[in-house]
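Below: the structure, in C-alpha cells.
The values are calculated or read from the model by the stated rules, or taken from the named source; none is laboratory data. Only a predicted model underlies this, so the values are computations on that prediction, with no experimental measurement involved. Here the Cβ is made from the backbone with ideal geometry for all residues, glycine too, and neighbour counts use every protein chain on show.
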Amino acid sequence: MEENNHKGEREMCMKTFYYIEKDGQIFLVERDGILCLPEKEEIPFEFKQLKDMGIKEAKIIYCEPKLDNHPHHWPHKDTIPTMNADPLVRLAVNRSLVRHASDAIIVKDGKVLMVKASRGILPGTWDLPGGFINYGESPEESLIREVKEEIGLKVQPQKLFWMGTENINGFYFMVFIYLCEIVEGEIKPDPTEISDVDWLPLDKAIKSAEKQFVKKSLEHYKKSL
C-alpha cells in the first residue's frame, strides 16, 4: 500500500512536457544553453494534443501545432544527435521514430509456423518469425536473414501479403508480412533469440497471437482460403 502511495506521489509531481513536431521540425526552448522540451506555458501558439509518448522518465505528450507557415527555423529531428539537447528531447525523438520489420507467414498442412521470442518487445508470446529491417536492407532481405538467424530455415518470400502498424509499449511498428515457402534447412531455433517453435493450427495461431498486426494478418489469410 505504501509503495502505491509513493508511486501516486511521483506521478503527481511529474512535470508534463510537450513534443511538438511539424514535418520533422521540433519546437524546443532553451534553458541554460540546452535545448529542452517546452512546458505548456512556454508554447506561444495553438496546438493539438494527440497522445502520451509512454516515456517513463517524464510525461511527454506528442502534439501537432496549428501554424500558418512552415516552421523552418525549428531544429529538425535528424540534427538532434549533433546538438546540445536535453536527454528528454533525445528520448522523445527516439520514441517518435517508426520501427520497421518483416515477418513470415509459413503454412504447412493447414498449420502456421509460430515462434516465441526469448527477448525483445513481447518475449514469451507467440509471434510470426521475422524481425527488424537493418540499415540498407530491403524488407525481403531482412526477412530471409531474420528467419535464418532465428530458426535456421532458408525461406523465399512469395508475396507481400499484409502491412500493419501497431503501438507496442509506446513504440510504433510498421511490419511487412510475406507469404513464404521453405527452400531448405531444418528448424533449429537460436536459444538466444527464440524460446519455442511450433506449428499451430490456424485458428489457434490467431487466438494465441499477442500482436494485433499478426492476428489481423492471419485472420486475413484465413479469409483468403
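Miscellaneous remarks
- Some residue of region 116-137 being of a type in the set (D, E) and modelled with pLDDT of 95 or more: yes
- Selection status of H100, under 17 Å from the mean Cα position of the chain (by Cα) and at negative phi: yes
- Yes/no for R119 being outside any strand (DSSP E or B), charged (D, E, K, R) and either surrounded by 17 or more Cβ atoms within 10 Å (Cβ to Cβ) or over 16 Å from the mean Cα position of the chain (by Cα) (or both): no
- Screening F213 against (1) surrounded by 18 or more Cβ atoms within 10 Å (Cβ to Cβ); (2) at pLDDT 95 or above; (3) among the hydrophobic types (A, V, I, L, M, F, W, C) leaves a single unmet condition, (2).
- Looking across E46, E57, E42, one residue alone is out of contact with any Lys or Arg (no Cβ under 7 Å at 6 or more places or on another chain) and over 14 Å from L91 (Cα atoms). It is E42.
- Only one of F17, F47 that is surrounded by 15 or more Cβ atoms within 10 Å (Cβ to Cβ), free of Cβ contacts under 8 Å to residues at least 60 places away in the same chain and over 30 Å from D190 (Cβ atoms): F47
- Filter result (among the β-branched types (V, I, T) and surrounded by fewer than 16 Cβ atoms within 10 Å (Cβ to Cβ)) within region 188-210: T192
- Filter pass, E42 being more than 27 Å from the chain's Cα centre (by Cα) and surrounded by 14 or more Cβ atoms within 10 Å (Cβ to Cβ): yes
- Of the residues examined, K56 is not one that is loosely packed, with under 14 Cβ neighbours inside 10 Å and either in contact with a helix residue (DSSP H, G or I) (Cβ under 9 Å, 6 or more places away or on another chain) or part of a strand (DSSP E or B) (or both).
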